[in-house]
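The values are calculated or read from the model by the stated rules, or taken from the named source; none is laboratory data. Quick caveat, the model's predicted, so the values are computed rather than measured. Note: ideal-geometry Cβ built from the backbone for every residue, glycine included; neighbour counts use all protein chains shown. With ligands, DNA and RNA removed, areas are computed over all heavy atoms of the protein, side chains included. Shrake-Rupley method; radii C 1.70, N 1.55, O 1.52, S 1.80 Å.
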Amino acid sequence: MEKSCTLLIHFDKGTPAIANEIKEALEGSDVIAKVEAMKKAIMLLLNGETLPQLFITIVRYVLPSEDHVVQKLLLLYLEIIEKTDVRGRVLPEMILICQNLRNNLQHPNEYIRGVTLRFLCRLNETEIIEPLIPSVLQNLEHRHPYIRRNAILAVMSIYKLPQGDQLLVDAPEMIEKVLATEQDQSAKRNAFLMLFNCAQDRAVNYLLTNVDRVSEWGELLQMVVLELIRKVCRTNRGEKGKYIKIIISLLNAPSTAVIYECAGTLVSLSSAPTAIRAAANTYCQLLLSQSDNNVKLIVLDQLNELKSSHREIMVDLIMDVLRALSSPNLDIRRKTLDIVLELITPRNINEVVLSFKKEVVKTQSGELEKNGEYRQMLIQAIHSCAIKFPEVASTVVHLLMDFLGDSNVASAVDVIVFVREIIEMNPKLRVSIITRLLDNFYQIRAARVCSCALWIIGEYCQSLSEVESGIATIKQCLGELPFFSIVEEGEDTDSSKKVQQANSITVSSRRPAILADGTYATQSAASETAFSPPTLVQGSLSSGNLRSLLLTGDFFLGAVVACTLTKLVLRLEEVQPSQVEVNKAITHSLLIMVSMLQLGQSAVLSHPIDNDSYDRVALCIRLLCNTGDEVRKIWLQSCRQSFVKMLSEKQLRETEELKAKALVSHAQPDDLIDFYHLKSRKGMSQLELEDEVQDDLKRATGEFIKDGDDANKLNRILQLTGFSDPVYAEAYVTVHHYDIVLDVTVINRTKETLQNLCLELATMGDLKLVERPQNYTLAPESSKQIKANIKVSSTETGVIFGNIVYETSNVLERTVVVLNDIHIDIMDYISPAVCSDAAFRTMWAEFEWENKVAVNTIIQDEKEFLDHIIKSTNMKCLTAPSSALDGECGFLAANLYAKSVFGEDALVNVSIEKQVDGKLSGYIRIRSKTQGIALSLGDKITLKQKGGS
């Protein structure tokens with residue numbers, strides 16, 4: 001049976017001390033050696049050694065020592081040694097230490113008295129304590145506060161013992177007298193704590209008597225007062241009005257710890273708007289005054305909780321919360337932005353967006369390494385503001401377009417996606433956005449940003465001047481043609497040239513030479529000339545981004561350029577009256593596209609053009625050579641219509657999610673209605689009235705009623721033993737975030753008394769038993785509830801196994817009943833979550849653990865199989881728009897995402913294809929940062945994917 005331990009010391013097992021060496025050192029006269037020996041003895045005792053031979057040595061040689069360190073170590077030794085025998089009786093040799101303890105309690109030195117009183121706080125044996133009580137009580141009136149405060153704690157510990165109220169009958173009365181006269185703040189706090197724990201009515205009486213002086217009390221005492229108020233108000237909610245006044249008065253205390261506790265207590269006890277506003281103001285003050293980032297994060301969590309329950313009050317404080325963005329810490333900034341974005345209203349949107357703009361401008365000037373990431377967060381915040389309130393878009397879109405060339409690619413991508421959405425939703429801004437985009441296009445350095453910008457140019461350049469500017473900008477950014485050249489070699493005597501010529505390429509008649517103007521010249525086989533390897537023509541400095549990206553082999557971007565030019569030329573045909581100009585534009589565009597294909601098929605680049613990009617560019621060439629009305633309609637209208645449809649689906653999805661949240665109903669039709677206006681208002685302050693109203697509202701909306709799902713409880717009961725076993729056991733498993741509680745019911749099915757019955761448990765996986773359940777005696781046919789706590793430290797499947805051991809009177813051996821295993825399901829720890837496609841792709845690339853599960857199912861419909869996997873894994877499908885999963889094409893690919901309670905991410909990609917025989921094949925790939933979550937999710941999918949059950 002494990003004993004309780006009040007002391008924990010690190011012990012190096014490498015060099016264990018020998019008992020004889022310790023004994024010799026203790027018997028010597030060297031004080032330093034005695035100190036070291038005592039430390040070694042204490043460590044050995046803490047690690048399970050008994051050392052019975054040392055006790056008499058310590059009584060003889062250590063007890064008389066006057067050294068303070070030795071005396072302190074002696075008390076620690078006495079604290080951890082076994083003081084009782086097997087039957088629980090105090091060992092006779094313990095009488096030897098009683099006289100020493102009494103002498104210490106009357107010692108002239110204050111330190112010795114104080115540490116001895118502290119030692120008594122951890123002593124449970126009444127036989128040792130009883131003779132010391134008069135000495136303890138004398139110390140309550142000692143002149144030194146250190147002794148008085150420890151004497152009060154000793155009185156409290158003695159009074160709380162099983163027979164303590166008989167040992168110290170009038171302890172509460174004595175402590176109350178001490179409290180009335182005590183001047184030391186720490187001693188007052190201890191006295192009040194004693195009354196709070198042992199005589200609550202006296203503590204409440206003292207508090208209400210001195211209610212006007214509470215704000216003058218010390219920080220420690222004020223903290224205990226708040227604890228008392230919480231305890232009293234939980235048991236007697238009717239009296240909380242008078243206590244809330246005390247809390248409000250403490251909000252002006254100088255101690256930040258006190259005002260933080262006050263705010264938390266106010267929120268937990270009252271829903272009155274005045275009280276909540278006071279608490280929220282306090283949190284905002286702490287957010288600005290505290291320099292510790294951990295404190296700021298904790299305060300932001302509290303504000304986040306207030307936001308969900310009292311949004312209308314938090315809306316007024318939005319600018320105070322925004323001031324937390326001054327912190328350089330990214331986590332603080334992210335949390336602040338998350339809170340602020342949910343508090344935006346038409347009344348405060350302009351102020352908020354103005355703050356965001358100022359912060360964006362600040363990120364340009366500062367040299368902080370995380371500026372790019374912070375800018376990205378701000379851009380996303382401004383984006384969501386502009387979507388909710390389109391009228392603010394005009395104030396921010398031009399500022400953000402300056403960041404299209406941002407070195408942080410993710411930030412630049414966010415800007416261009418924002419511009420794409422705004423240009424569709426705000427037709428009035430289109431002309432100014434297009435003009436700004438064409439002016440800034442040369443600054444863009446990222447291929448993804450270029451692709452999106454080109455799409456915008458192709459779709460939204462409508463007037464003649466815009467179309468011509470669009471074509472001119474693209475030509476300028478592509479630079480002079482061709483993209484590479486082959487130069488004819490002349491005779492040269494230089495040795496290096498000779499080497500180069502020896503390795504030169506022999507060009508056959510089939511291979512055309514590209515002349516300076518981009519035209520081709522074929523050579524006869526008879527006059528073969530040696531050419532040097534083709535060299536890239538980098539173009540002038542002004543021709544920038546598109547050319548340099550193409551020359552790195554990014555032919556997807558090349559295909560986008562071709563499509564954009566095609567759209568612009570098709571639109572030019574509609575708006576340009578001069579056919580000559582149109583033909584000139586077509587010719588230039590065709591030349592650019594052919595040059596791109598030529599570059600893609602040359603040996604200049606390490607990778608040739610991919611088939612998809614080649615086909616796309618070739619299609620554009622064919623289209624410009626022969627345009628039909630049907631094709632023109634597809635290119636100039638259908639693309640935009642698809643984008644509009646995507647935006648409307650996104651808005652519809654967000655609206656549906658908001659509606660689903662708002663649909664939660666609390667009130668029952670037959671609930672009682674409490675008529676507030678018929679209540680007596682006599683003697684009630686405004687705050688108490690507000691609090692009463694809010695309580696009534698909560699009662700009416702069912703917020704006080706926690707509905708327990710009984711059917712769900714029954715599902716969580718697991719049978720641990722068989723019905724024919726002498727002991728029947730079943731467990732009700734409750735899974736909290738970081739721990740699992742097993743409520744085990746054990747029933748004695750026999751006619752005999754079971755002695756020393758113990759539930760022995762062990763765990764596999766990242767589970768840890770908090771404490772071992774103790775031994776019990778079970779009468780015939782009686783039952784016992786045993787609770788066991790298990791700590792969980794990561795998201796993975798775990799197993800709890802064990803047995804029940806007991807003894808009976810007529811059998812000498814112990815009987816063991818083996819229990820069924822309890823499997824802890826990973827589904828209890830993961831919940832559906834949402835993240836952007838970009839974030840999903842980034843995590844997918846970063847996470848090293850992957851589990852690949854082959855699809856093996858009887859389900860024959862792709863969509864039905866995906867729904868089955870989503871339901872089985874409790875994940876969110878990120879491939880959300882129904883249009884993305886519509887239609888019958890024989891294959892399906894979707895991304896799923898979930899987050900664990902420990903903050904771990906779980907990513908799943910489902911790729912399936914329908915075979916000729918109608919069966920589904922493919923793979924489900926799981927990625928995560930930790931091995932446990934990837935393996936556990938894989939096992940779960942393998943188990944559940946069959947379907948049909």
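Take each of the peptides 65-72, 457-464, 859-866, average the number of other beta-carbon atoms within 10 Å over its residues, and list them starting from the highest.
Details: 65-72: 15.8, 457-464: 19.4, 859-866: 17.6.
For the peptides 65-72, 457-464, 859-866, the packing ranking is 457-464, 859-866, 65-72.
For the chain, take the longest principal axis of its alpha carbons; what is the angle in degrees between that and the long axis of helix 409-425, to the nearest 10 within 0 to 90?
Tilt of helix 409-425: around 70 degrees.
For the chain, what is the mean residue ellipticity at 222 nm derived from helices alone (per DSSP H run of n ≥ 4: -39500 (n - 2.57); sum divided by total residues; nearest 500 deg cm²/dmol)? Provide the component values of the computation, followed by the final result.
Details: 40 runs with 491 residues, N = 949.
After summing the helix terms and dividing by residue count, I get -16000 deg cm²/dmol.
Can you return the lysines within cross-link range of LYS428? Criterion is Cα-Cα under 19 Å, with same-chain partners fewer than 8 residues away left out.
LYS388
³J(HN,Hα) across the stretch 64-79 via Karplus (A = 6.51, B = -1.76, C = 1.60, θ = phi - 60°), whole Hz, x for Gly/Pro?
Residue by residue, the stretch 64-79 yields x, 4, 9, 5, 5, 5, 5, 5, 5, 5, 4, 5, 5, 4, 5, 5 Hz.
Calculate how steeply helix 686-700 sits against the longest principal axis of the alpha-carbon atoms of the chain, using the helix alpha-carbon long axis, and give the answer as 0 to 90 degrees to the nearest 10.
The angle comes out near 70 degrees.
Please report the net charge: other residues with Cβ closer than 9 Å to the Cβ of ALA898, K and R +1, D and E -1. Display every interim value, and only then the final one.
Working: positive: LYS876, LYS899; negative: ASP905.
That works out to +1.
Could you rank ASP12, ASP629, ASP725, ASP292 by how accessible they are, 1.4 Å probe, largest area first? Spell out each step's value before the answer.
Numbers: ASP12 100, ASP629 130, ASP725 45, ASP292 75 Å².
Highest to lowest solvent-accessible surface, that is ASP629, ASP12, ASP292, ASP725.
Pairs LYS899/LYS940; LYS307/LYS370; LYS567/LYS633: which are spaced more than 18 Å apart, C-alpha to C-alpha?
Working: LYS899/LYS940 16 Å; LYS307/LYS370 28 Å; LYS567/LYS633 11 Å.
In this structure, LYS307/LYS370 lie more than 18 Å apart at Cα.
Report, in debye and to the nearest 20, how large the dipole of the stretch 215-339 comes out about its Cα centre when Lys and Arg carry +1 and Asp and Glu carry -1 on their Cβ. Could you put the intermediate results ahead of the total?
Values: 15 positive and 13 negative charges, 68 e Å.
Charge dipole of the stretch 215-339: 320 debye, to the nearest 20.
Ranked highest first by average number of other Cβ atoms within 10 Å, how do 178-185, 332-339, 113-120 line up? Could you put the intermediate results ahead of the total?
Working: 178-185: 15.4, 332-339: 19.5, 113-120: 22.0.
The packing order, highest mean first, is 113-120, 332-339, 178-185.
Could you check how much of the accessible area of the stretch 64-198 is carbon and sulfur, as a whole percent, using a 1.4 Å probe?
49
Quick check: net charge around ARG118, other residues with Cβ under 15 Å of its Cβ, Lys/Arg +1 and Asp/Glu -1?
Working: positive: LYS72, ARG113, ARG122, ARG148, ARG149; negative: GLU79, GLU110.
Around ARG118, the charge tally is +3.
By the scheme Lys and Arg +1, Asp and Glu -1, what is the net charge of all other residues having a beta-carbon under 13 Å from that of GLU173? All intermediate terms of the calculation are to be shown ahead of the outcome.
Values: positive: LYS177, ARG202; negative: ASP165, ASP170, GLU176, ASP201.
Once positives and negatives cancel, what remains is -2.
Of the peptides 349-359, 634-644, how do they stack up when ordered by the mean number of other Cβ atoms within 10 Å, highest first?
Values: 349-359: 17.0, 634-644: 12.8.
Descending packing order for the listed peptides: 349-359, 634-644.
Report the charge-dipole magnitude of the chain in Debye, nearest 20, computed about the Cα centre from +1 at each Lys and Arg Cβ and -1 at each Asp and Glu Cβ. Walk me through the numbers before you get to the answer.
Details: 101 positive and 120 negative charges, 206 e Å.
In total the dipole reaches around 980 debye.
Probe radius 1.4 Å, ligands and nucleic acids ignored: give me the carbon and sulfur share of the accessible area of the stretch 352-404 as a rounded percent. Don't jump to the answer; show the numbers that get you there.
Working: 1240 of 2290 Å².
For the stretch 352-404, the apolar C and S fraction of the accessible surface comes to 54 percent.
Extension gain TYR442-VAL90, at 0.36 nm per residue separation less the Cα-Cα distance, in nm? Walk me through the intermediate numbers first.
Working: separation 352, 0.36 × 352 = 126.72 nm, distance 8.93 nm.
Length gained, TYR442 through VAL90: 117.8 nm.
Among MET593, SER29, ASN440, pick out the residue whose Cα is farthest towards the positive end of the charge dipole of the chain, where Lys and Arg carry +1 and Asp and Glu carry -1 on C-beta, about the Cα centre.
In the chain, that residue is ASN440.
Just read off the accessible area of HIS588 with the full protein assembly in place, 1.4 Å probe, to the nearest 10 Å².
Looks like 80 Å² after rounding.
Accessible area per residue for the chain in Å², computed with a 1.4 Å probe and the full protein assembly in place, what is it? Present the calculation step by step, with values, prior to reporting the outcome.
Values: 49520 Å² over 949 residues.
Heavy-atom accessible area per residue stands at 52 Å².
Take the solvent-accessible surface of the protein heavy atoms, probe 1.4 Å, and return the percent of it on the stretch 900-948 that carbon and sulfur atoms account for.
Values: 1100 of 2270 Å².
Heavy-atom surface of the stretch 900-948 belonging to carbon and sulfur, 1.4 Å probe: 48 percent.
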